[in-house]
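For reference, the structure discussed in these notes is given below.
The values are calculated or read from the model by the stated rules, or taken from the named source; none is laboratory data. What you see is a predicted model; the values in this text were computed from it and never measured. Here the Cβ positions follow ideal geometry from the backbone for every residue, glycine too, while neighbour counts run over all protein chains shown.
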Amino acid sequence: MSHLNLTISELHALYVSGMTTPLNVVNEVIDALQKDKNNILEATMFDEARAFAATLKVVEEDNLLWGIPFLVKDNFATKGTETNGSSNILNGYIPLFDAEVITRLKALKAIPIAKTTLDELGMGGKGITGHKGITYNPYGEEKTRIVGGSSSGSASGVASGYVPFSLGSDTGDSIRKPASWAGIVGFKPTWGEISRFGLYSFMPTLDHVGFFTRSVYESAYLYEVTKGFDEKDFTTNIKPSPSVLSDITTPLKGRKIAVLKPIMDVMRNQNLIKEFNSLVQKLKDQGAIVDFVPFDEAILAAILPTYFMLSCAETITCNANLTGINFGNKVEGNSYEEIVLNTRTAGFSSKIKYRFLLGNFVLQKSKRNAYYDRAQRGRRIIVDAFNALFETYDTILLPAAPSHAPRIGEKSEPNSEIENNYMAIANFGGYPSITLPLGLDKGLPLGVNLTSHIHQDGKLLNIAYQIEQLTNLYNLHVGQVK
Amino acid sequence: MEKIDIKKLAREILISLSPEEEKEFMEEFSYFIEQFKKLEALPHVDEVAPMFFPIKEERDFLREDEPEALYSTKEILSNSKNMKDTFIVIPKVVK
Amino acid sequence: MKYEVIIGLEIHVETKSKTKMFSGAPTSFNAPPNSQVHVIDMAFPGTLPAVNKKAVQNAIMLSHALNMTIDRELHFDRKNYYYSDLPKGYQITQERRPIGKDGLIDIVVGDQTKSIRIERLHMEEDTAKQIHLADVTLIDYNRAGAPLVEIVTKPDIRSGEEAMAFVETIREIVTFTGVGDGKMEEGSLRCDVNISLRPIGSEKFGTKVEIKNLNSISNIGKVIDIEIKRQTAELDAGHAIVSDTRRYDETLKDTVTMRLKDNAIDYKYFREGNIAPITLSEAFIADVIAKTPELPATKRKRYLEVFNLSHHDINILLQDIDQTNYFDVAATLTTNYRTLINWLNGEVSAYLNKEGIKITALALRPENLAKLVNLVSDGKLSNAQARELFSHIAMTNEDPETKAKALNLVQVSDTDFILKVINEVIDENLSVIDDIKAGKDRAMGFLVGQVMKKTGGKVNPGVANTLMRQEIAKR
């Protein structure tokens, strides 16, 4: 029996019944990963995974994560295993410590099995800028479509069914967009709920740790067992948040759901529109209230530029430690400045340099009030507008992307910034947000996204869970579709 | 059209661009400067208070002043190509 | 002089705690290179700052001692620049919301007291240490991330003397609160001077010059005077002052340019997103204030008003916190404060210098020094006898009274006996008596000296003098 394409719960059931062992499963996963054609892997942890799996002999029945293998986006530090953020500047860099979320997962006996590719240092939305090149979507014809980013390898790997879950990070939509194009669940909780210690910073107040799974319940479970205050991260919420599992099956009746009309109005994919409207009807049939609401279009248009100004500026300092002096892929030079200049020029791709330049531009003394500082004020205006909406509505429901995964090299539609980038609001406001499969469009996944107010992770996951019951797209993976 | 001194800005953050990169960057720059203008349409955008943190929680946690276990000198320097004995060594820095 | 001197100071203080500002690495002195380095100090990707409670308490204590308003929230910012001693490529500091603001402290220059306003006090972290050899620079990250406090004054200082008095006052407060060692020569207290001149009567500030790397308080005064001369000469000759950063050159005995003023560098400060604002409760702040040791200003006031000591003596005592603490203990057991302070500043200090030890190594406990002082004040010991007694008990801490008896160091106060000896001396020196009667008073010393010789120094010289005059008058 193949142990791939199983959810966490399904694999757990096999362990409990003694039908298989972690070592068995790990070996099978390793086999499959070695045959992967979608360029999803950075450093592998195969020996460590086998060794760890071999020690797991007594099943922990109440611990869903016992013996479950998972993939790790390569911007999470893993002790003893190279973590280069898919950037040449960190080739050969081996962390001395594990990221906190990995420590917590390992404590629960989950097995990290390999690092996955990403858009370089977390910057990018297509999954094509990592130093190993394009990471492919397993859907569609082989190696023809992108999977999105920046958590490209983690999304692709879970969509391929190799592992039941993977770790991702989300600064603008880096979990929730690829989840849409890969037909899986991608969840980003409220900011400060999961420790970012060990996650390579891109922009701290937008960065989030999150998960890819093939069921909503399992994203909720992973969140439940890894969330909570960490002394090492001075942005983790001190007050413990309530359980999200206890009420996850609450019926939809009375739930108030908002759909932003201006965004729906610019959708062009007819299948998507049909699937979305069909879902809306099903939600109404279940007793939910679904309103198509107006929303200030100037605010929607400001989302992408606000995101770019803030993140490009702050990412410069988050990566100012990458100099080659006390770690990293140093390039020679005759002086400190030369070493650093040569190392950074060779180590960063052009795209990263462009972001840095843009960021440095908006931070200049003479410019910053009109740019960077204005973007911080813009953030407040945007968040205030959404906070107002959340006073009435439990969640905002929208397509996670305007269409299925694009072909490689396919140009974006002109003026499609709004529908392609609106999910960044969840990063501006720290809101919990989840993408899950909506349907298939000629065999290619479509995703729907929900975003709720801060600390409403339980409510969000509950509504998402009920949507999954309605779409029946539980454990969607490429093997099922092809 | 906004003016930008690419070489100066690049120098400040210790990176350099090839002529091709400079050209490609200028295209991106033009595009983004246009995008950035969209903030001008936001109501009271230059009057409201900036937002730094998305969550406002009253917190008082501070780390206790107790030494933690450390990695050895060898381990802590192991990722550097400039390690020599117990130091990081670089060409002499002229103040 | 036709120019007014405007000086502002920036003082960096290394504060004392077991661990660094943002990491749990120890801050021990003189550890082997790169042995006190946390992954956070190395700025490895993914590491995050963890704010040290003790460093915050130190900053609060110092802010309070400087009469500053203490911000009820902690906010941090990034100061961005690239340098080989700065692993993150930025320093975490408090640009926008310093923990302390709008302070005021009195300084004493000569017999004048002046108030100096303090603009801000904020926390930041130290850089790595660099050792420059012939061709290479060695980097030691032990110091990277060590807690610092920066104190910035308003430009209220008007001379080198005032500057020195201010830095000394800060040093005193730093050492007396226990917040730091305050040793300029060791780098635990660093001072940068910002100085400009403007024609007297002018409202507009002149061009500011920054002077760095001053390594002693006396150098601060010296270098300021030299810089005033330099700027005066430039202005008199009609040249504009260049805004730059200078240092003092020993050989040239002048200030020289280090680099053009750092105003040229745009640090692009913005909020540190890895530290969410921290609330400092009233209780937390009150607790720190309650635990603050007595401040030098308070001690000074007490010494002046209650103990009636002189500024001069107090200044000498307060230079050493251990001696001050010693004095305070001894002062609970004697009311002869003047004598006590003279002993500490005089005989005891001389002894310590000679032996090359600090007062903390002196075996003689303050209680016993107090006893010795009381013996002198009560007339039971002459000064000479007391000095001899001290030399015996300094390193044994024996009871002074017991030891004095054992050494037969007892001052004779028996008036009959003294009169007998005095008259003997007079009889032996009748010619001298005539001189004294003729007004040549100097010979009194000789006569009293003879009394001391005959009694082996056991007579109180003051008493002998008085009685001597009395007897001479009778003759």
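Within the set of pairs 6 or more residues apart or between chains, which connect a residue that is under 30 Å from C:Asp225 (Cβ atoms) and away from chain B (no Cβ under 14 Å) inside the range C:137-165 to a residue that is of a type in the set (Ser, Thr, Tyr) and buried (at least 20 other Cβ atoms within 10 Å of the Cβ) with Cβ atoms less than 6 Å apart?
C:Val149/C:Thr15
More than 7 Å from chain A (Cβ to nearest Cβ) and surrounded by 13 or more Cβ atoms within 10 Å (Cβ to Cβ), is that true of B:Leu77? If you could, list the steps in order and put the result at the bottom.
Numbers: more than 7 Å from chain A (Cβ to nearest Cβ): yes; surrounded by 13 or more Cβ atoms within 10 Å (Cβ to Cβ): yes.
Answer is yes for this residue.
Residues checked against (1) crowded, with 22+ Cβ neighbours inside 10 Å; (2) at pLDDT 95 or above; (3) assigned to a strand (DSSP E or B):
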| residue | (1), (2), (3) |
| --- | --- |
| C:Gln130 | no, yes, yes |
| C:Ala134 | no, no, no |
| C:Leu148 | yes, yes, yes |
| C:Phe166 | yes, yes, no |
| C:Asn194 | no, yes, yes |
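Hey, does the range A:130-142 have a residue that's part of a loop (DSSP other than H, G, I, E, B), in contact (Cβ under 8 Å) with a residue 12 or more places away in the chain, of a type in the set (Ser, Thr, Tyr) and within 14 Å of chain B (Cβ to nearest Cβ)? Break it down stepwise before answering.
Start the filter on the range A:130-142 by keeping residues that are part of a loop (DSSP other than H, G, I, E, B), which leaves A:130-135, A:137-142.
Cutting the leftovers down to in contact (Cβ under 8 Å) with a residue 12 or more places away in the chain gives us A:130-135, A:137-140, A:142.
From what's left, of a type in the set (Ser, Thr, Tyr): A:135, A:139.
If we keep only those that are within 14 Å of chain B (Cβ to nearest Cβ) as well, we get none.
Scanning the range A:130-142 turns up no residue that is part of a loop (DSSP other than H, G, I, E, B), in contact (Cβ under 8 Å) with a residue 12 or more places away in the chain, of a type in the set (Ser, Thr, Tyr) and within 14 Å of chain B (Cβ to nearest Cβ).
With the requirement that a residue be out of contact with any strand residue (DSSP E or B) (no Cβ under 8 Å at 6 or more places or on another chain) and either outside any loop (DSSP other than H, G, I, E, B) or at the interface with another protein chain (Cβ under 7 Å from one of its Cβ atoms) (or both), what does the range B:54-69 give you? Walk me through how you get there before you give the answer.
Taking the range B:54-69 as the starting set, the residues that turn out to be out of contact with any strand residue (DSSP E or B) (no Cβ under 8 Å at 6 or more places or on another chain) are B:54-57, B:64, B:69.
Once the filter is applied, which keeps residues that are out of contact with any strand residue (DSSP E or B) (no Cβ under 8 Å at 6 or more places or on another chain) and either outside any loop (DSSP other than H, G, I, E, B) or at the interface with another protein chain (Cβ under 7 Å from one of its Cβ atoms) (or both), the range B:54-69 yields B:Pro54, B:Ile55, B:Glu57, B:Glu64.
Report every pair of residues separated by at least 6 positions or lying on different chains whose Cβ atoms are under 6 Å apart, first residue within the range A:353-371 and within 15 Å of B:Phe32 (Cα to Cα), second small (Gly, Ala, Ser).
From the range A:353-371, the pairs are A:Gly359/A:Ala313; A:Val362/A:Ala313; A:Leu363/A:Ala313.
Within the bounds of the range A:393-402, is there any residue that is of a type outside the set (Phe, Trp, Tyr) and under 23 Å from A:Thr7 (Cα atoms)? Working first, answer last.
Initially, the range A:393-402 is screened for residues of a type outside the set (Phe, Trp, Tyr), giving A:394-402.
Then drop every residue that is not under 23 Å from A:Thr7 (Cα atoms), which leaves A:400.
Yes.
Based on this model, can you work out whether A:Phe211 counts as away from every other protein chain (no Cβ under 14 Å), of a type in the set (Phe, Trp, Tyr), closer than 20 Å to A:Gly85 by Cβ and in contact with a Lys or Arg (Cβ under 9 Å, 6 or more places away or on another chain)?
Values: away from every other protein chain (no Cβ under 14 Å): yes; of a type in the set (Phe, Trp, Tyr): yes; closer than 20 Å to A:Gly85 by Cβ: yes; in contact with a Lys or Arg (Cβ under 9 Å, 6 or more places away or on another chain): yes.
It is true that A:Phe211 is away from every other protein chain (no Cβ under 14 Å), of a type in the set (Phe, Trp, Tyr), closer than 20 Å to A:Gly85 by Cβ and in contact with a Lys or Arg (Cβ under 9 Å, 6 or more places away or on another chain).
Which condition number does A:Pro402 fail, the rest of (1) within 13 Å of chain B (Cβ to nearest Cβ); (2) in a loop (DSSP other than H, G, I, E, B) being met?
(1) is the only condition that A:Pro402 fails.
Mind listing whichever residues of the range A:104-132 are under 23 Å from A:Gly324 (Cα atoms) and either hydrophobic (A, V, I, L, M, F, W, C) or surrounded by fewer than 23 Cβ atoms within 10 Å (Cβ to Cβ) (or both)?
Within the range A:104-132, A:Leu118, A:Leu121, A:Met123, A:His131, A:Lys132 meet the criteria.
Residues that are touching a Ser or Thr at 6+ places or on another chain (Cβ under 7 Å), over 24 Å from A:Ile128 (Cβ atoms), hydrophobic (A, V, I, L, M, F, W, C) and part of a helix (DSSP H, G or I): does the range A:444-460 have at least one?
yes
Considering only residues of the range C:440-471 that are β-branched (Val, Ile, Thr) and under 41 Å from the mean Cα position of the chain (by Cα), which is surrounded by the fewest Cβ atoms within 10 Å (Cβ to Cβ)?
C:Val463
Please verify whether C:Leu333 is under 23 Å from C:Glu305 (Cα atoms), in contact with a Lys or Arg (Cβ under 8 Å, 6 or more places away or on another chain) and in the same structural domain as C:Asn308 (by TED's automatic domain parsing), treating the condition exactly as stated. Don't jump to the end; show me each part of the working.
Numbers: under 23 Å from C:Glu305 (Cα atoms): yes; in contact with a Lys or Arg (Cβ under 8 Å, 6 or more places away or on another chain): yes; in the same structural domain as C:Asn308 (by TED's automatic domain parsing): yes.
Here the answer is yes, as C:Leu333 does meet what is asked.
Can you confirm whether C:Gly221 is over 30 Å from A:Phe361 (Cβ atoms), assigned to a helix (DSSP H, G or I) and in the same structural domain as C:Glu161 (by TED's automatic domain parsing)? Quick ask: steps written out before the conclusion?
On the way: over 30 Å from A:Phe361 (Cβ atoms): yes; assigned to a helix (DSSP H, G or I): yes; in the same structural domain as C:Glu161 (by TED's automatic domain parsing): yes.
When the stated conditions are applied, C:Gly221 passes them.
Does any residue of the range A:292-310 turn out to be within 12 Å of chain C (Cβ to nearest Cβ) and out of contact with any Phe, Trp or Tyr (no Cβ under 6 Å at 6 or more places or on another chain)?
yes
Do you know which of the residues in the range B:1-21 that are within 14 Å of A:Asn360 (Cβ to Cβ) and not in a loop (DSSP other than H, G, I, E, B) is nearest to the other protein chains (Cβ to nearest Cβ)?
Across the range B:1-21, the extreme among qualifying residues is B:Leu9.
Of all residues in the range C:409-433 being of a type in the set (D, E, K, R) and either at pLDDT below 85 or in contact with a strand residue (DSSP E or B) (Cβ under 7 Å, 6 or more places away or on another chain) (or both), which is surrounded by the most Cβ atoms within 10 Å (Cβ to Cβ)? First the steps, then the outcome.
Narrowing the range C:409-433 to residues of a type in the set (D, E, K, R): C:414, C:416, C:420, C:424, C:427-428.
If we keep only those that are either at pLDDT below 85 or in contact with a strand residue (DSSP E or B) (Cβ under 7 Å, 6 or more places away or on another chain) (or both) too, we end up with C:414, C:416.
Numbers: C:Asp414: 9, C:Asp416: 7.
Checked the range C:409-433; the qualifying residue surrounded by the most Cβ atoms within 10 Å (Cβ to Cβ) is C:Asp414.
Before we move on, is A:Asn475 touching a residue at least 60 places away in the same chain (Cβ under 8 Å) and in a helix (DSSP H, G or I)?
On the way: touching a residue at least 60 places away in the same chain (Cβ under 8 Å): yes; in a helix (DSSP H, G or I): no.
Taking the combined requirement at face value, the residue does not satisfy it.
Which one is nearest to the chain's Cα centre (by Cα), of the residues in the range C:55-74 that are within 11 Å of chain B (Cβ to nearest Cβ) and surrounded by 20 or more Cβ atoms within 10 Å (Cβ to Cβ)?
Residue satisfying both the conditions and the ranking: C:Asn58.
Kindly evaluate B:Glu34 against the criterion of being within 30 Å of A:Asp296 (Cα to Cα), of a type outside the set (A, V, I, L, M), more than 8 Å from chain A (Cβ to nearest Cβ) and surrounded by fewer than 18 Cβ atoms within 10 Å (Cβ to Cβ). Steps first, answer last, please.
On the way: within 30 Å of A:Asp296 (Cα to Cα): yes; of a type outside the set (A, V, I, L, M): yes; more than 8 Å from chain A (Cβ to nearest Cβ): yes; surrounded by fewer than 18 Cβ atoms within 10 Å (Cβ to Cβ): yes.
In short, yes.
Can you name the condition, by its number, that A:Val101 falls short on among (1) surrounded by 24 or more Cβ atoms within 10 Å (Cβ to Cβ); (2) in contact with a Pro (Cβ under 9 Å, 6 or more places away or on another chain); (3) not in a strand (DSSP E or B)?
All conditions are met except number (2).
I'd like the residue in the range A:236-254 that is among the aliphatic types (A, V, I, L, M) and over 24 Å from A:Asp285 (Cα atoms) and, out of all such residues, is surrounded by the fewest Cβ atoms within 10 Å (Cβ to Cβ). So that I can check it myself, show each step before the final result.
Filtering the range A:236-254 down to residues among the aliphatic types (A, V, I, L, M) leaves A:238, A:244-245, A:248, A:252.
Pick out the ones that are also over 24 Å from A:Asp285 (Cα atoms) and you get A:238, A:244-245.
Values: A:Ile238: 13, A:Val244: 25, A:Leu245: 16.
The residue in question is A:Ile238.
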